[in-house]
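Some notes on the structure that comes next.
The values are calculated or read from the model by the stated rules, or taken from the named source; none is laboratory data. Since the model is a prediction, treat every value here as computed from it, not as a measurement. Cβ: placed from backbone, ideal geometry, glycine included. Neighbour counts: every protein chain shown.
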Ligand SMILES: Nc1nc2c(ncn2[C@@H]2O[C@H](COP(=O)(O)OP(=O)(O)OP(=O)(O)O)[C@@H](O)[C@H]2O)c(=O)[nH]1
Ligand SMILES: [Mg+2]
């Protein structure tokens, strides 16, 4: 894809930017991307880098302060606009736990939504050993990001890496596994397969999708399909506390060499549907690329739960020039008096006794004190 692409990759914060750079190196020169940080040093060698909050923070980063990251992003987010012409779908990669990854991602997703650009956030949640404070901050900000992004996937780092690794290897492994997962996802749209998935179809699938679950699996050899099916069934990234509740939509991407058989596609698709719900909308895409996947199969599985209410607004086009930014006091989200925001004048959507039109963070009594 070129700079004319309708998809743009954004890496936010230190770890998020590292992941974006890792993905971009898998497609030299063909992934349009930007890295965004409050820390000037982090972008020293990166011509795609955008420093935010330069005046407020003097390029020193936030030191873990989500509130400062939000203000920095609010002040500087329009610097992104030059990269947004023609963009219909932004893929944001970030790590929650620090300040910038969470705070700036939230404001960027909000800015994209105002511009009619769909956004899909892939974010890691901190290792449990980073302490309860970071985990709590990450969960709080995840609930707000979920309201602003079209679709969001949050993956605990504990599940992405091998617990026996040392710290340096674990962090590198985390960057690698998130980058590999998003790279596979990107390839689904980048490399035409027999069953195509284009950026616009993806955008529609993701619009108002809400929070989802995401995992990738790779296997080779005779038992490759059985191995993948069993890994899908036991993946903690795809289950909810061990259970497999039905979802609204499923995206299954199969990337393989030229030896991919129809029966293999059928077996994988059938297993995913029977595990996560025959009633769900099911999208299948394949990529056949002998040079990368000879003898292997990689499967991208995305489960979207959205109720069709909580994601990005569908605003036609991506008319950056027509944005009228509304200022609002930092740290407070602009939802209506009852917390029902834009659903204030419509019938409530009640499920299990909860009004789903009220943002998640209000329903769950999460305090936004940053
Ligand atoms: N994958 C990966 N994750 C990291 C690395 N360093 C930190 N993390 C994780 O990413 C989270 C956020 O850390 P950073 O990316 O450094 O923070 P930031 O978003 O730049 O935010 P501030 O520096 O606090 O403004 C941490 O809580 C860790 O869970 C790394 O080198 N690789
Ligand atoms: Mg940082």
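Scan the stretch 43-56 residue by residue and report those that are modelled with pLDDT of 95 or more and closer than 23 Å to residue 141 by Cα.
50, 51, 52, 53, listed by residue number.
Can you tell me which of (1) closer than 21 Å to residue 148 by Cα; (2) in contact (Cβ under 8 Å) with a residue 40 or more places away in the chain; (3) within 10 Å of ligand 1 (Cβ to nearest atom) is the one residue 18 doesn't meet?
Among (1) closer than 21 Å to residue 148 by Cα; (2) in contact (Cβ under 8 Å) with a residue 40 or more places away in the chain; (3) within 10 Å of ligand 1 (Cβ to nearest atom), the lone unmet condition for residue 18 is (1).
Within the stretch 150-169, can you find the residues that are assigned to a helix (DSSP H, G or I) and either free of Cβ contacts under 8 Å to residues at least 24 places away in the same chain or away from ligand 1 (no atom under 13 Å from the Cβ) (or both)?
Those that are assigned to a helix (DSSP H, G or I) and either free of Cβ contacts under 8 Å to residues at least 24 places away in the same chain or away from ligand 1 (no atom under 13 Å from the Cβ) (or both): 167, 168, 169.
Within the bounds of the stretch 83-94, is there any residue that is in a loop (DSSP other than H, G, I, E, B) and within 14 Å of ligand 2 (Cβ to nearest atom)?
no
Contact list please: Cβ distance under 7 Å, first residue in the stretch 56-71 and on the phi > 0 side of the Ramachandran plot and in the same structural domain as residue 100 (by TED's automatic domain parsing), second residue part of a helix (DSSP H, G or I) and more than 9 Å from ligand 1 (Cβ to nearest atom), pairs at least six apart or on different chains.
Partner pairs satisfying both residue conditions: 59/40.
Out of curiosity, is residue 109 farther than 17 Å from residue 14 by Cα and assigned to a loop (DSSP other than H, G, I, E, B)?
Details: farther than 17 Å from residue 14 by Cα: yes; assigned to a loop (DSSP other than H, G, I, E, B): no.
Spelling it out, it is not the case that residue 109 is farther than 17 Å from residue 14 by Cα and assigned to a loop (DSSP other than H, G, I, E, B).
Kindly indicate which of 54, 131, 64, 101 is touching a strand residue (DSSP E or B) at 6+ places or on another chain (Cβ under 6 Å) and more than 28 Å from residue 206 (Cβ to Cβ).
Of the residues listed, the single one that is touching a strand residue (DSSP E or B) at 6+ places or on another chain (Cβ under 6 Å) and more than 28 Å from residue 206 (Cβ to Cβ) is 64.
If you go through the stretch 79-93 one residue at a time, how many are touching a helix residue (DSSP H, G or I) at 6+ places or on another chain (Cβ under 8 Å) and farther than 17 Å from residue 7 by Cα?
Total satisfying the criteria: 0.
Say we look at the stretch 43-55 and pick out the residues that are outside any loop (DSSP other than H, G, I, E, B) and surrounded by fewer than 17 Cβ atoms within 10 Å (Cβ to Cβ); which of these is farthest from ligand 1 (Cβ to nearest atom)? Outline the logic, then answer.
From the stretch 43-55, those outside any loop (DSSP other than H, G, I, E, B) are 43, 49-51, 54-55; that's our starting set.
Applying the additional criterion that residues be surrounded by fewer than 17 Cβ atoms within 10 Å (Cβ to Cβ) yields 54-55.
Details: 54: 14, 55: 16 Å.
Taking the candidates together, the pick is 55.
Residues in the stretch 334-342: is at least one modelled with pLDDT of 90 or more and either over 30 Å from residue 26 (Cα atoms) or in contact with a helix residue (DSSP H, G or I) (Cβ under 7 Å, 6 or more places away or on another chain) (or both)?
Within the stretch 334-342, not a single residue is modelled with pLDDT of 90 or more and either over 30 Å from residue 26 (Cα atoms) or in contact with a helix residue (DSSP H, G or I) (Cβ under 7 Å, 6 or more places away or on another chain) (or both).
Give 147, 125 a once-over and let me know the one that is on the phi < 0 side of the Ramachandran plot and either assigned by TED's automatic domain parsing to the domain that holds residue 269 or within 11 Å of ligand 1 (Cβ to nearest atom) (or both).
The match here is 125.
Take residue 110 and tell me if it is under 24 Å from residue 205 (Cβ atoms), surrounded by fewer than 20 Cβ atoms within 10 Å (Cβ to Cβ) and away from ligand 2 (no atom under 16 Å from the Cβ).
no
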